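**Student:** Structure below; questions to follow.
The values are calculated or read from the model by the stated rules, or taken from the named source; none is laboratory data. These numbers were taken from a predicted model, which means no experiment stands behind them. Cβ placement follows ideal geometry from the backbone for every residue including glycine, while neighbour counts extend to all protein chains displayed. Heads up: the accessible areas ignore ligands, DNA and RNA and are worked out on the full protein's heavy atoms, side chains in. Shrake-Rupley method; radii C 1.70, N 1.55, O 1.52, S 1.80 Å.
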Amino acid sequence: MKAKIEHYFDKLFPINRSLTGNGNRETLKILSEIIDLAITEVPSGTPCFDWTVPAEWNVKEAWIKDSNGNKIIDFSKNNLHLLGYSEPFHGKISFKELKPHLYTLPDQPDLIPYLTSYYKRRWGFCLTHNQFLQLDQNETYEVFIDSSLDTNGSMTIGEAIIKGKTEEEILFSTNICHPSLANNELSGSLVSAFIYNKLKEQKELKYTYRFLFIPETIGSIYTLSVKGEHWRKNLKAGFVITCVGDNNKFTYKRSRMGNSLPDRVVETILKQTEEAYNIIDFFPSGSDERQYCSPGFNLPVGALMRTMYGQYPEYHTSGDNKEYISFEAMEKSVLKYLEIIELIEKNEKYINTMPYGEPQLGKRGLYPTLGSQKKNYGFVIKIIRWILNMADGENDLITISEKSKIDIKDLLPVINKLIEKGILK
Amino acid sequence: MKAKIEHYFDKLFPINRSLTGNGNRETLKILSEIIDLAITEVPSGTPCFDWTVPAEWNVKEAWIKDSNGNKIIDFSKNNLHLLGYSEPFHGKISFKELKPHLYTLPDQPDLIPYLTSYYKRRWGFCLTHNQFLQLDQNETYEVFIDSSLDTNGSMTIGEAIIKGKTEEEILFSTNICHPSLANNELSGSLVSAFIYNKLKEQKELKYTYRFLFIPETIGSIYTLSVKGEHWRKNLKAGFVITCVGDNNKFTYKRSRMGNSLPDRVVETILKQTEEAYNIIDFFPSGSDERQYCSPGFNLPVGALMRTMYGQYPEYHTSGDNKEYISFEAMEKSVLKYLEIIELIEKNEKYINTMPYGEPQLGKRGLYPTLGSQKKNYGFVIKIIRWILNMADGENDLITISEKSKIDIKDLLPVINKLIEKGILK
Amino acid sequence: MKAKIEHYFDKLFPINRSLTGNGNRETLKILSEIIDLAITEVPSGTPCFDWTVPAEWNVKEAWIKDSNGNKIIDFSKNNLHLLGYSEPFHGKISFKELKPHLYTLPDQPDLIPYLTSYYKRRWGFCLTHNQFLQLDQNETYEVFIDSSLDTNGSMTIGEAIIKGKTEEEILFSTNICHPSLANNELSGSLVSAFIYNKLKEQKELKYTYRFLFIPETIGSIYTLSVKGEHWRKNLKAGFVITCVGDNNKFTYKRSRMGNSLPDRVVETILKQTEEAYNIIDFFPSGSDERQYCSPGFNLPVGALMRTMYGQYPEYHTSGDNKEYISFEAMEKSVLKYLEIIELIEKNEKYINTMPYGEPQLGKRGLYPTLGSQKKNYGFVIKIIRWILNMADGENDLITISEKSKIDIKDLLPVINKLIEKGILK
């Protein structure tokens, strides 16, 4: 899987993505080779709650030339050079006139910042601070931005669904609005697509799984305007998949509720399978979880990341590139999400069908016939007894694991055996 | 304020106060220069629950003379010398006869103890242990106590009310029964009066504020017999104001409920404004809080003190005098109570009027238009998001402050701004 | 009591006990000298939930002889030598044929293990590993087991009841199925019998007390099949009395509920009377508590032990003998259970009959008449105030003790005094 992820990363990384535009369409088309995406075009101007879908932005070329005609800044070399949603411009201007349109990071002088101006018309260029320092203050520059802002355009979103036995739903939501940025956020799209790819192979899923590929904020607000009521009734667990590409330990940001199903499942899995990890309480900044967890919806949506957005120096700069990420880590992120899905599927409130005293395990071949042995009767007997004792229809599998201090991976095969023997349902 | 407090302290300190009597009337008259007190005379013999208002006690003079006619103990020099509620007496008696009527503190030989005998008829004198040791055991003493116990008298109480928009009430209760004692309890009366004095200036108070000046125990039990039912319905928070004059850190004794509104408000304010303070669980000894928190009423009444009664060596002795207290500390006690009142007034369960996703802050001038900036968007944006996310009608301001870890003083101006913008109510 | 316990220990220890059989009958007959036992014979084959009462097992003799006719293993010397429920056998067999029927403890080579085969027909002998090593591998052995397994037999159980004012019940359950084993489990039967013996002397018990002497597992499952519904309605607290004979600190294993009446009572008593003790959460292995706490019943049953089963090296071996136990410790176990019973009886939700403000304690002779004394008014006044303040019909005695941090032994006499004065009920 690692190599396949890298292959698609290389294809997708150079594309210019934003809230809208052809780059997003192309991104979803390439992802469709991995995941069965249905594409929706939402017209610019569509109202959703307090917001409106913006005009569609496309860029043909964008550069700054010095008076010798040398392109000193060029969008075609790195799409981060252009301020996102820059309006068209062409003209020759002095350094003094140009300067307010230039954005740099003085503290990280080798990196290009990532900036956007979605809701106020501006134009601008982002460059390294070292590039900026080399500019001739007496020079006259030619600036050309061949962009378009089309109010008759649309916002493109992708969606894939795996139907389960019930309408109850598990959501995976990721963003497609970041241009050439690796961890935040191409990793999210790739991990989401490969989770789908693996999950599709499984039979008899209990829940219905929805995978969303949307631009940040406006994408989730639009989708909430359409699906919010459905989710309020049917969403069992949701995950914002973001920053899952680096090689550091997992970080889980809880849902606003703080003890919802995704919170309990992820914390159980991380505790039982990882040596080190971070758990962070919900806070209303960050990515789309703050829309899903807005008080009018308050959905059970958390975010399992590796290093969290804003917590690594390369965040939202040209340093968030292929070197920063690890394809092995991305594969492990996919597998961790699959473990989470397995527990979500199996986290029933089981019922002991013989709850009055213990069933006689011996006659069912579940117990050694030589009693009173001094040494413990073995781990399996202990697991059987815990499951049967707790299976009163009130305790779910996670609670049984917590109270018994027995890992999910040890409980699951015994649960299956007891179901087979008719003692558990 | 400090100087005014000292001015009134000096006027009030020498007056002989007790459960009843002219000293209490004079005290309330002087306090009326600061606070608009309504005076009630409750007739001696008035029944209240298990108790009866006692006879009115007044003292003209009281002394012990030696056989040379020298006054060796004199009530006019320090009213602590006379056992509170001493019955009248005149006679010449031997040292042996006098001795059982003398009270001293052998462990603090320079201090006069403060003692009373309200509900059993006695007479007695309190003196320093050093004075006691100098008495001639072969001497005959003349004892004169010109006191009266009038069963047709009354108990005097003072009350002031600031009407708010609702009948829901905040209570401040303090004691006027201590004679020349500074921290416990003249500080309580002074701090209460000055809280009123400052609060009176405020417009548009939500709650109605009641200030009570009563003798300890019988005063609160009488008032409960009259107002208890009203308070059970309307009292939102109450405070016994006692021991607020010394210069040490604040001590808050919780109400019996342990998590009532005054408990939550005071603990929030102390945590966010004081470096060091004590929180003590309710216990059924102490001052009038044990009446307000008796199980039949169980009112939300706590006590914000500085050093608690019984916890300083000068407590209930002549050492609890002007030297022990600080007028600067008393002013700060007034201001701390005013901060508490401010939070009580503002501790609403606010409602986000646009709870579906986030409102678009940018178009309301609440958000920088240049998105995706690497550095945090500033503290105000963080505060806005926390308030909007938590404002679901379930979380009050204190809960928002706890969950967001943002201080009340930082939340309040933003709340006002969001209300003004129509996003919050 | 210590000497009496030892006297009965010596009589009971050598008897061969099992799930069924004459040894159990004889044991109950001897115990009847201490406790008024009613004996029930439950026919073999009686169904109870998933189980069936087994055939009755009796043994006349059982031995292994070498070819010289020397008895090298003899049941009459130690009944642990015979595998419990061994079927009859007589024959001469080689060492190789004998070996699979021999059980030893290689890690504790001087001890005979205790083993049974209740639900699968087998025969076998238990011996020390050192004995085993001395066996001649070329020898032919004569094996004789004169046992009987009578499907027309019965299981014998003993029961004693002390009627209280209500049908609400306190249960003490102990096992009679262990042969010559001292701590686990002769100590349980002896301690149970002496608790009864002492408790019988008390008048006016509120609760009805039931003492059960049963074989482990099948005995409690059978009794649940008969009494389970009754207990579901009436059982207030139950205790499995096991491993109470050694001289180490107490261990309490909580009921499945974790905060049931026996849990709260035992933890309060241990905390207030013992310097060191262990509290263990419920787990579904161990003794009959796992039947009483099976999910279909979930009764409030815990187990107060000393060193828990399985936690001492002599457990289920011939090392669990008179040397391992202490009769002084057993007497103290009896007394500790009696303290527990006292608290169960007194753990009411008391009601202050004068809940509005404090009652005037002075006029009832409960308060010093000289008020405002600097030193604390004494411990009794503090206790009175705590009780009156907490006695609102919601807090039981244990809660009052927890909140006031006053021990039960200090609260009880004051509660009695307040009831006598009519202030409490």
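**Student:** Ignoring ligands, DNA and RNA, what percent of the 1.4 Å accessible area of region A:112-171 is carbon and sulfur?
**Tutor:** Taking all protein chains in place, region A:112-171 shows 43 percent carbon and sulfur surface.
**Student:** Taking a label point 7 Å out from Cα toward Cβ, give me the nm distances from C:I30 to the same spot in the other copies, shortest first, one decimal.
**Tutor:** Between copies, matching label points for C:I30 lie 8.7, 8.7 nm apart.
**Student:** Let me ask you something else. Suppose you put the label 7 Å out from Cα in the Cβ direction; list, shortest first and in nm with one decimal, how far B:E420 is from each other copy's label.
**Tutor:** The answer, with the shortest distance listed first, is 7.0, 7.0 nm.
**Student:** Indicate the residues belonging to region B:259-300 that lose 40 Å² or more of solvent-accessible heavy-atom surface (probe 1.4 Å) upon moving from the chain alone to the assembly of all protein chains, ignoring ligands and nucleic acids.
**Tutor:** Those are B:P284, B:R290, B:P295, which lose 40 Å² or more relative to the chain on its own.
**Student:** Here is a follow-up. Using the Karplus curve 6.51 cos²θ - 1.76 cosθ + 1.60 with θ = phi - 60°, work out ³J(HN,Hα) for each residue of region A:245-256 in order, rounded to whole Hz, and write x for Gly and Pro.
**Tutor:** x, 8, 8, 9, 5, 6, 10, 10, 9, 5, 5, 4
**Student:** Assigning unit charges at the beta carbon (Lys, Arg +1; Asp, Glu -1) and nothing else, what dipole magnitude in debye, to the nearest 20, does region A:160-305 show about its Cα centre?
**Tutor:** Using Cβ point charges on Lys, Arg, Asp and Glu, region A:160-305 gives about 440 debye.
**Student:** Pick out, in residue order, every one of the GluC sites (Glu not before Pro) in region A:258-304 that is DSSP loop and has at most 10 other C-beta atoms within 10 Å; say none if there are none.
**Tutor:** Passing both the DSSP loop test and the Cβ count: A:E275.
**Student:** For the B and C pair, go ahead and give the buried accessible area with a 1.4 Å probe, both sides summed, in Å² to 100.
**Tutor:** Protein heavy atoms only, the B-C interface buries about 2400 Å².
**Student:** When the accessible area of each residue in region B:388-413 is compared between its chain alone and the complete protein assembly (1.4 Å probe; ligands, DNA and RNA ignored), which residues differ by at least 40 Å², being lower in the assembly?
**Tutor:** Buried on complex formation: B:N389.
**Student:** Accessible area per residue for chain A in Å², computed with a 1.4 Å probe and the full protein assembly in place, what is it?
**Tutor:** For chain A, the per-residue accessible area is 40 Å².
**Student:** Pick from A:V191, A:V265, A:V226: which is most flexible by mean-square fluctuation in a GNM of chain A where alpha carbon atoms under 10 Å apart are linked?
**Tutor:** Among A:V191, A:V265, A:V226, the largest GNM mean-square fluctuation belongs to A:V226.
**Student:** Under the definition of Cα pairs under 8 Å and six or more residues apart, what whole-number percent is the relative contact order of region C:1-152?
**Tutor:** 28
**Student:** Rounded to the nearest 5, what % of DSSP beta bridges with both residues in region B:14-166 are antiparallel?
**Tutor:** 90
**Student:** Grab the residue from chain A whose Cβ hugs the A-to-B rotation axis most tightly, plus its distance in whole angstrom.
**Tutor:** A:N259, 12
**Student:** Can you give me the relative contact order of chain B as a percent, contacts being Cα pairs under 8 Å and 6 or more apart?
**Tutor:** Answer for chain B is 16 percent.
**Student:** Around A:I72, which amide H atoms from residues at least 5 apart in sequence, or from another chain, sit under 5 Å from its own amide H, with H modelled in the peptide plane?
**Tutor:** So A:I72 has HN proximity to A:I64, A:K65, A:D66.
**Student:** Can you list the residues of region C:293-329 with backbone N under 17 Å from a point 7 Å past the Cα of C:E229, pointing along Cα to Cβ?
**Tutor:** Only C:296-298 fall inside the zone, counting backbone N under 17 Å.
**Student:** Can you pull the one-decimal nm distance between simple spin-label points at A:Q272 and A:D50, each 7 Å off the Cα toward Cβ?
**Tutor:** Distance between label points: 4.1 nm.
**Student:** With point charges of +1 on the Cβ of Lys and Arg and -1 on the Cβ of Asp and Glu, referenced to the Cα centre of chain C, which listed residue (C:T399, C:I93, C:W231) lies farthest in the positive direction of the dipole?
**Tutor:** C:T399
**Student:** Further, regarding this structure: From the square roots a ≥ b ≥ c of the eigenvalues of the alpha-carbon gyration tensor of region B:232-359, which class results: rounded (a/c under 1.5), prolate (a/b over b/c), or oblate?
**Tutor:** Oblate, because a/c is 1.5 or more while a/b does not exceed b/c.
**Student:** Under 24 Å between alpha carbons, and skipping anything fewer than 8 positions from B:K29 in its own chain: which lysines qualify?
**Tutor:** Partners within reach: B:K2, B:K4, B:K11, B:K60, B:K77, B:K163, B:K198, B:K200, B:K227, B:K322.
**Student:** Here is a further query. Counting pairs of alpha carbon atoms under 8 Å apart in space and at least six apart in sequence, what relative contact order in percent does region B:65-125 give?
**Tutor:** 44
**Student:** What is the set of long-range amide H partners of A:G393 at a cut-off below 5 Å, with H atoms built 1.01 Å from backbone N?
**Tutor:** Excluding prolines and chain starts, which carry no amide H, the hits are A:Y350, A:N352.
**Student:** Starting at the first residue of region C:91-102, write each ³J(HN,Hα) from the Karplus equation 6.51 cos²θ - 1.76 cosθ + 1.60 with θ = phi - 60°, in whole Hz, x for Gly and Pro.
**Tutor:** Result, rounded to whole Hz: x, 9, 9, 6, 4, 4, 6, 6, 3, x, 9, 9.
**Student:** Hey, another quick one. So, with a 1.4 angstrom probe, what is the percent of accessible area on region C:329-425 that is carbon and sulfur?
**Tutor:** 52
**Student:** Additional query: How would you rank C:302-310, A:43-51, highest first, on the average number of other Cβ atoms within 10 Å across their residues?
**Tutor:** My ranking of the peptides, most packed first, is C:302-310, A:43-51.
**Student:** From the label point of A:S285, set 7 Å from Cα along Cα→Cβ, how far away are the matching label points in the other copies, in nm, ordered shortest to longest?
**Tutor:** Distances to the matching label points in the other copies: 5.0, 5.0 nm.
**Student:** Further question: Output wanted: per-residue J couplings in Hz (rounded whole) for region A:32-47, from phi through Karplus 6.51 cos²θ - 1.76 cosθ + 1.60, θ = phi - 60°, x for Gly and Pro.
**Tutor:** So the J values, rounded to whole Hz, are 5, 6, 9, 10, 7, 7, 9, 9, 10, 9, 9, x, 3, x, 4, x.
**Student:** How big is the antiparallel share of DSSP beta bridges in the protein assembly as shown, given as a percent to the nearest 5?
**Tutor:** 65
**Student:** Same structure, new question: Using a Förster distance of 60 angstrom, determine the FRET efficiency expected from the C-beta separation of A:Q202 and C:M1, and round it to 0.05.
**Tutor:** 0.35
**Student:** Roughly how crowded by other chains is peptide C:222-228, in terms of the mean Cβ count from those chains within 10 Å of each of its Cβ atoms?
**Tutor:** Mean shielding count: 1.
**Student:** Okay, next question. Which residue fluctuates the most in chain C, going by a Gaussian network model with Cα springs under 10 Å, if the choices are C:N183, C:N22, C:N70?
**Tutor:** C:N70
**Student:** Projected onto the charge dipole of the protein assembly as shown (+1 at Lys/Arg Cβ, -1 at Asp/Glu Cβ, origin at the Cα centre), which of A:S76, B:C293, A:S18 gives the Cα projection farthest towards the positive end?
**Tutor:** Value computed over the given set: B:C293.
**Student:** Let me ask another. With a 10 Å cut-off between alpha carbons and a GNM built on chain B, which of B:I72, B:I241, B:I340 moves the most?
**Tutor:** Among B:I72, B:I241, B:I340, the largest mean-square fluctuation in the Gaussian network model of chain B belongs to B:I72.
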